[in-house]
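The values are calculated or read from the model by the stated rules, or taken from the named source; none is laboratory data. Everything quoted here is computed from the prediction, not taken from an experiment. Quick reminder, even Gly has a Cβ in these numbers, built from the backbone with ideal geometry, and neighbours come from all protein chains shown.
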Amino acid sequence: MSKKNKQQIKVRRILIANRGEIAVRVIRTCREMGIQTVAVYSTADKDNLHVRLADKAVCIGPPASSKSYLVKENIIMAALNTHCEAIHPGVGFLSENADFARMVQKNGLIFIGPDPDVIELLGDKVKARETAQKYGLPITPGTGAVSAKDGKAVEAAKQLGFPVIIKAAAGGGGKGMRIVRKPEELEENITLASREAESNFADGTVFIEKYLENPRHVELQILADGNGNVAVLGERDCTVQKNHQKLIEESPSPGVTDKMRAAMAAGAVPMFRELKYCGAGTIEFLAEGDNFYFMEVNARVQVEHPVSEFVAGVDIIRQQILACTESRMELEPEKIELNGWSIECRINALATGTITRLEVPGGPGIRFDSFLYNGCSIPPHYDSMIAKLIVYGTDRKHALARMDRALRELVVEGIKTNIERQRWIINHPVFYNGVFGTSWYGDIEKEVEHGR
């Protein structure tokens, strides 16, 4: 749908092509904006909170996401049948699927996200690296697409210097990713990574990068309206991870200096502006000391967006919807002020079951984003994250104290969760001092398991 049409139509109803916590999050902002919502759900989610909160709900298939949340035609049909003007993809599932975005537009609906061509460009990590380099952002030394049958791959890896990392060009979330420390292990791992990439993303293309052993993982939060207005809402630190899955996020990053922050934004802003990027997105970096390297762009809102909302005082979902449906935002990029410190702990289910008791922490600077309620069931078919606990403080020490207090108050019974693990992590001396890299959690995981 063209920008002209966007400006002529006042969106009255949005379908949310997702489930759980993010669907609840979007519904709440839409309600504040006077926009009706339509939820879609699988049979496993018929009693989910997002189904209860939406104005209307449509069942789109059985529990398996491949037969429900990933079926493009069913989602678009649900939107058309309920007279929606737009579709919000949430996170995961079809949120960065260019073909889905094109289908949405071809059916006369607004896709609340970037243009499909932009999604396609940034979704290909090889092309995204080339684009970032064009705008002066440093990239990790690496190759273009490689295959196991390409004899040049080993030579290229030797030139980079082992260890190297194989990545899926269309991937994310650690899928299609392999660390290789010896030349003789390269060919087999290229084959395995390519096979995994094909299975998860229907694209087996892989490339090789120099592997950084223990960097920080940092990302800038971007909002843009497609008309050249690009706002940076500071950076987030996502360094604490398990198997490439984030556990704790915070803003600002304890490892980013003012000089680094300015340099990241100096490359990111013109890149997003020239791409005519629209909506919310993040540009991710790996950082070692004072050096940083472009990693990828996530062309959607991120799970950890609430920490940026706290420090910037901005409802990112609201601005995303306005940018994509009305080609405008309610903020001036040069007037954004970042204050205080925010931390998010992801609360994950370690088993399925039914919530028998839920007590949510309260008080100043506390936010609990979730789809949980007493009596709700946690099905085995989807991501293990069941909630996000977010706190805000005047500085990092204050925010950590508040998070510790909030984790103590949070009670989720009926299933096993990682609440105590998260509390152990935030009180660990290394985390508390803010000097750690992406391998840190893996190195101490056994300590966490045994509470030492």
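Filtering segment 388-426 to residues that are in contact with a Leu (Cβ under 8 Å, 6 or more places away or on another chain) and within 16 Å of Ser342 (Cβ to Cβ) leaves Leu389, Gly393, Met403, Ala406, Leu407, Gln422, Ile426. Scoring Met177 on the criteria (1) touching a His at 6+ places or on another chain (Cβ under 8 Å); (2) among the aliphatic types (A, V, I, L, M); (3) closer than 30 Å to Ile336 by Cβ leaves a single failure, condition (3).
Can you name the residue in segment 186-205 that is of a type outside the set (S, T, N, Q) and exposed (fewer than 14 other Cβ atoms within 10 Å of the Cβ) and is also modelled with the lowest pLDDT among such residues?
Taking segment 186-205 as the starting set, the residues that turn out to be of a type outside the set (S, T, N, Q) are 186-188, 190, 192-193, 195-198, 201-204.
Right, trim to exposed (fewer than 14 other Cβ atoms within 10 Å of the Cβ) and you get 188, 202.
Values: Glu188: 91, Ala202: 76.
Only one residue tops the list, namely Ala202.
Of everything in segment 242-255 that's at pLDDT 95 or above and touching a helix residue (DSSP H, G or I) at 6+ places or on another chain (Cβ under 8 Å), which residue is farthest from Glu334 (Cα to Cα)? Per the criteria, the residue is Leu247. Answer yes or no: is there a residue in segment 29-37 that is under 21 Å from Phe201 (Cα atoms) and small (Gly, Ala, Ser). So far as segment 29-37 goes, no, none of its residues is under 21 Å from Phe201 (Cα atoms) and small (Gly, Ala, Ser). The condition (being surrounded by fewer than 22 Cβ atoms within 10 Å (Cβ to Cβ) and either without any contact (Cβ under 8 Å) to a residue 12 or more places away in the chain or hydrophobic (A, V, I, L, M, F, W, C) (or both)) is satisfied by just one residue among Ile110, Ile139, Ile208: Ile139. With the structure loaded, tell me whether Glu337 is in a loop (DSSP other than H, G, I, E, B) and touching a residue at least 12 places away in the same chain (Cβ under 8 Å) or whether it fails that test. Here the answer is yes, as Glu337 does meet what is asked.
In the list Gly414, Gly375, which residue meets the criterion of being on the phi > 0 side of the Ramachandran plot, small (Gly, Ala, Ser) and surrounded by 16 or more Cβ atoms within 10 Å (Cβ to Cβ)?
Working: Gly375 fails: surrounded by 16 or more Cβ atoms within 10 Å (Cβ to Cβ).
Being on the phi > 0 side of the Ramachandran plot, small (Gly, Ala, Ser) and surrounded by 16 or more Cβ atoms within 10 Å (Cβ to Cβ) holds for just one of Gly414, Gly375, which is Gly414.
Any residue at all in segment 146-159 that's surrounded by fewer than 21 Cβ atoms within 10 Å (Cβ to Cβ) and under 21 Å from the mean Cα position of the chain (by Cα)? No.
Across segment 105-121, what is the number of residues that are among the polar types (S, T, N, Q) and in a helix (DSSP H, G or I)? Quick ask: steps written out before the conclusion?
If we filter segment 105-121 for residues that are among the polar types (S, T, N, Q), which is where we start, we get 105, 107.
When the remaining residues are screened for being in a helix (DSSP H, G or I), the result is 105.
Of the residues in segment 105-121, 1 are among the polar types (S, T, N, Q) and in a helix (DSSP H, G or I).
Does Ile347 satisfy the criteria of being crowded, with 17+ Cβ neighbours inside 10 Å, assigned to a helix (DSSP H, G or I) and touching a helix residue (DSSP H, G or I) at 6+ places or on another chain (Cβ under 8 Å)? Against the criterion (crowded, with 17+ Cβ neighbours inside 10 Å, assigned to a helix (DSSP H, G or I) and touching a helix residue (DSSP H, G or I) at 6+ places or on another chain (Cβ under 8 Å)), Ile347 does not qualify.
Residues are listed down the side, and each one gets a yes or a no for (1) in the same structural domain as Ser384 (by TED's automatic domain parsing); (2) modelled with pLDDT of 90 or more; (3) in a loop (DSSP other than H, G, I, E, B):
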{"residue": "Asp150", "(1), (2), (3)": "no, no, yes"}
{"residue": "Ala153", "(1), (2), (3)": "no, no, no"}
{"residue": "Ala156", "(1), (2), (3)": "no, no, no"}
{"residue": "Gln159", "(1), (2), (3)": "no, yes, no"}
{"residue": "Phe162", "(1), (2), (3)": "no, yes, yes"}
{"residue": "Ile165", "(1), (2), (3)": "no, yes, no"}
{"residue": "Ala170", "(1), (2), (3)": "no, no, yes"}
{"residue": "Gly173", "(1), (2), (3)": "no, no, yes"}
{"residue": "Ile179", "(1), (2), (3)": "no, yes, no"}
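Number of residues in segment 398-435 that are touching a strand residue (DSSP E or B) at 6+ places or on another chain (Cβ under 6 Å) and over 29 Å from Thr354 (Cα atoms) equals 1. If the condition is being in contact with a Gly (Cβ under 6 Å, 6 or more places away or on another chain) and closer than 20 Å to Ile366 by Cα, then segment 312-339 contributes only Leu338.
How many residues are over 23 Å from Ala23 (Cβ atoms), out of contact with any Gly (no Cβ under 7 Å at 6 or more places or on another chain) and in a helix (DSSP H, G or I) if we restrict to segment 295-311?
Going through segment 295-311, the residues over 23 Å from Ala23 (Cβ atoms) turn out to be 295-297, 311.
Next, only the ones that are out of contact with any Gly (no Cβ under 7 Å at 6 or more places or on another chain) stay: 295-296.
Going one step further and asking which of them are in a helix (DSSP H, G or I), we end up with none.
Residues in segment 295-311 being over 23 Å from Ala23 (Cβ atoms), out of contact with any Gly (no Cβ under 7 Å at 6 or more places or on another chain) and in a helix (DSSP H, G or I): 0 in total.
For segment 5-37, the set of residues classified as without any contact (Cβ under 8 Å) to a residue 60 or more places away in the chain and surrounded by 23 or more Cβ atoms within 10 Å (Cβ to Cβ) consists of Ile27, Thr37, listed by residue number.
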